[in-house]
Amino acid sequence: MAETLGTLEELPLDYREAMTAAGVAPLWPMMRNVLPHGAPKPVTKPGFWSYEAVRPLLVRAGELTPVEKAERRVLVLSDPGRGAGAMLATPSIYIGLQLLLPGETAPAHRHTPSAARIIVEGKGGFTVVDGEKLPMEVGDLVLTPGGEWHDHGHEGTEPVVWLDALDLPLFVYLEGSYAEEAPLQAQRNRPDASQVEYLASGLAPARGRGAQVRRYPMMRYPWVRTEAALREMAKWGGEDPVEADFVNPETGEDVLPIMGFTAMMLREGETLRPPLVSSASVFHVVKGHGTSRINGETIAWGPKDTFSAPCFAEIDHHAGEEAFLMRVHDRPLQEKLRFYEERAR
Ligand code: 1HN
């Protein structure tokens with residue numbers, strides 16, 4: 001294996017010009033950029049988005065831009081490694097904070113990327129997916145999978161804010177991103193599937209053979225159940241990290257094809273040193289205060305804050321008080337592509 005590879009500058013000028021004219025370029029000067037040794041060299045940097053800092057900007061967006069002029073009133077969380085205006089937080093994950101004011105609606109559309117919401121603030125917001133009305137309560141995970149019609153509404157009296165996570169960057173890169181629009185959907189007159197078919201973990205409706213199961217049978221994961229499950233695991237789980245993956249209740253698979261969602265509980269005073277993993281992560285704080293050291297950078301976080309870590313980052317979480325985080329990652333994608341990896345520290 002060569003220690004150093006030839007550079008572009010070593011090549012005669014006339015040769016370089018002839019290559020450019022022929023529409024070709026030498027691989028060797030670029031080889032280490034596209035194929036570094038031993039581990040990826042992420043462009044992505046750890047990010048931190050304080051809710052206290054972003055919230056007033058969102059409220060101002062509500063005053064400056066009517067929802068009709070925005071379609072979706074969102075401030076995008078840009079990866080610091082790519083700079084202001086970057087439409088992604090990690091290579092495969094787009095994150096935004098969306099504001100909906102009382103009485104407002106966001107029109108129905110469907111698109112190739114999948115989205116999920118984590119509710120940050122406010123009561124009375126809802127999303128309708130394929131005619132199913134999904135209430136949005138703080139901490140809930142609400143899915144709007146690719147190809148499914150979705151619109152948002154707000155029946156409450158205070159602003160509603162939620163965090164959007166989409167696998168958009170990949171679709172943009174693949175030139176596969178587009179949307180279709182439609183009027184607001186008629187809503188089925190019944191609660192969402194989490195309150196009817198999937199009220200209890202381990203129970204699914206009995207069906208005749210050949211009956212159709214929806215591809216995304218449950219699209220709302222209520223926070224009250226997530227927190228209760230984590231607390232019970234913490235009580236009985238000894239020293240193990242308290243984490244739960246969100247899964248499709250019919251198949252046990254990840255809830256979406258590309259993005260994965262993991263709920264975490266940190267006990268008061270607990271320090272977590274997870275293994276290095278090949279997927280980047282975005283963390284959203286549902287409750288509690290703590291600090292995380294990410295590649296040597298210390299982030300102090302509190303409720304409703306969001307932060308991110310690149311692939312293979314060295315991460316230490318410390319909770320000064322009991323805390324609950326939601327982690328968004330792309331392990332489902334990396335497993336499908338068969339390169340997901342964990343390395344012990
Ligand atoms: C989208 O459809 C929503 O439906 C939010 O609320 C953010 C960002 C990019 C592309 C589509 C939504 C989005 C989005």
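Can you give the net charge of the other residues whose Cβ lies under 13 Å from the Cβ of Gly103, counting K and R as +1 and D and E as -1?
Taking every Cβ under 13 Å from that of Gly103, the sum is -4.
Where does each of Asp254, Asp316, Asp140, Asp330 land when they are ranked from fewest to most other beta-carbon atoms within 10 angstrom?
Neighbour counts put them in this order, fewest first: Asp316, Asp254, Asp140, Asp330.
Give the Rg (one decimal place) followed by the Dmax (whole number) of the stretch 209-345, computed from C-alpha coordinates and expressed in Å.
Final numbers for Rg and Dmax: 15.7, 55 Å.
Measuring from the lowest to the highest alpha carbon on each principal axis, how far does the stretch 161-267 reach, largest first, in angstroms?
Principal-axis extents of the stretch 161-267 (Cα, largest first): 49, 40, 30 Å.
Averaging sequence separations of C-alpha pairs under 8 Å and six or more residues apart, then dividing by the length of the stretch 142-260, give the relative contact order as a whole percent.
That works out to 27 percent.
Specify, per residue and in Å³, the volume enclosed by the convex hull of the alpha carbon atoms belonging to the stretch 185-245.
Spelled out: Cα convex hull of the stretch 185-245, divided by residues, is 135 Å³.
With a 10 Å Cβ neighbour count serving as the proxy for reagent exposure, in which order, fewest first, do Ile93, Ile299 appear? Before the final figure, lay out each step's value.
Values: Ile93 27, Ile299 19.
By the 10 Å Cβ count, ascending: Ile299, Ile93.
When you take every Cα atom in the stretch 68-119, what is the radius of gyration, and what is Dmax, the widest Cα pair distance, in Å?
12.6, 38
Hey, what number do you get for the chain at 222 nm if only DSSP H runs of n ≥ 4 count, each worth -39500 (n - 2.57), divided across all residues, to the nearest 500?
The per-residue figure over the chain is -4500 deg cm²/dmol.
Please give the Cα centre distance for the stretch 1-43 versus the stretch 68-97, rounded to the nearest Å.
32 Å
Roughly what angle does helix 223-236 make with the longest principal axis of the chain, taking Cα atoms, 0 to 90 degrees, to the nearest 10?
80 degrees
Which whole-number percentage describes the relative contact order of the stretch 40-146, with Cα contacts under 8 Å and a sequence gap of 6 or more? If you can, show how the numbers build up before the last one.
Numbers: 143 pairs, mean separation 22.2, N = 107.
Over the stretch 40-146, the number comes to 21 percent.
Over all distinct Cα pairs, what is the inverse of the mean 1/r for the stretch 7-88, reported as the Kirkwood hydrodynamic radius in Å?
Working: mean 1/r = 0.0577 Å⁻¹.
About 17.3 Å for the stretch 7-88.
Note the direction-averaged projected area, equal to a quarter of the hull surface, for the Cα convex hull of the chain, in nm².
22.7 nm²
At R0 = 35 Å, how high is the FRET efficiency between Arg273 and Val172 if r is their beta carbon distance? Nearest 0.05 is fine.
FRET efficiency, Arg273 to Val172: 0.55.
Explain nothing, just the number: relative contact order of the chain, from Cα pairs under 8 Å at least 6 residues apart, as a whole percent.
About 15 percent, as a whole number.
Give the lysines reachable from Lys123 as a straight Cα distance under 22 Å; neighbours fewer than 8 places away on the same chain don't count.
Partners within reach: Lys133, Lys287, Lys304.
Could you put Glu342, Glu9 in order, starting from the residue whose Cβ has the fewest other Cβ atoms within 10 Å?
Fewest-to-most ranking of Glu342, Glu9: Glu9, Glu342.
Compute the acute angle (0 to 90°) between the alpha-carbon long axis of helix 51-64 and the principal axis of greatest extent of the alpha-carbon atoms of the chain; round to the nearest 10°.
80 degrees
If you build a Gaussian network model of the chain, linking Cα atoms that sit under 10 Å apart, which residue out of Gly23, Gly124, Gly103 swings the most?
The residue that fluctuates most here is Gly23.
Sticking to Cα atoms, compute the Rg of the stretch 1-160 to one decimal and its Dmax as the biggest Cα-Cα distance, whole number, in Å.
Every Cα atom of the stretch 1-160 included, Rg and Dmax give 23.0, 70 Å.
Give the angle, between 0 and 90 degrees and rounded to the nearest 10, that separates the Cα long axis of helix 13-22 from the longest principal axis of the Cα atoms of the chain.
40 degrees
Computed from the coordinates by the stated procedures, all read-outs in this text should not be read as laboratory data. For clarity, every value in this text was computed on a predicted model and none was experimentally measured. A quick note on method: Cβ atoms are made from the backbone with ideal geometry, for glycine too, and the neighbour counts reach across all protein chains shown.
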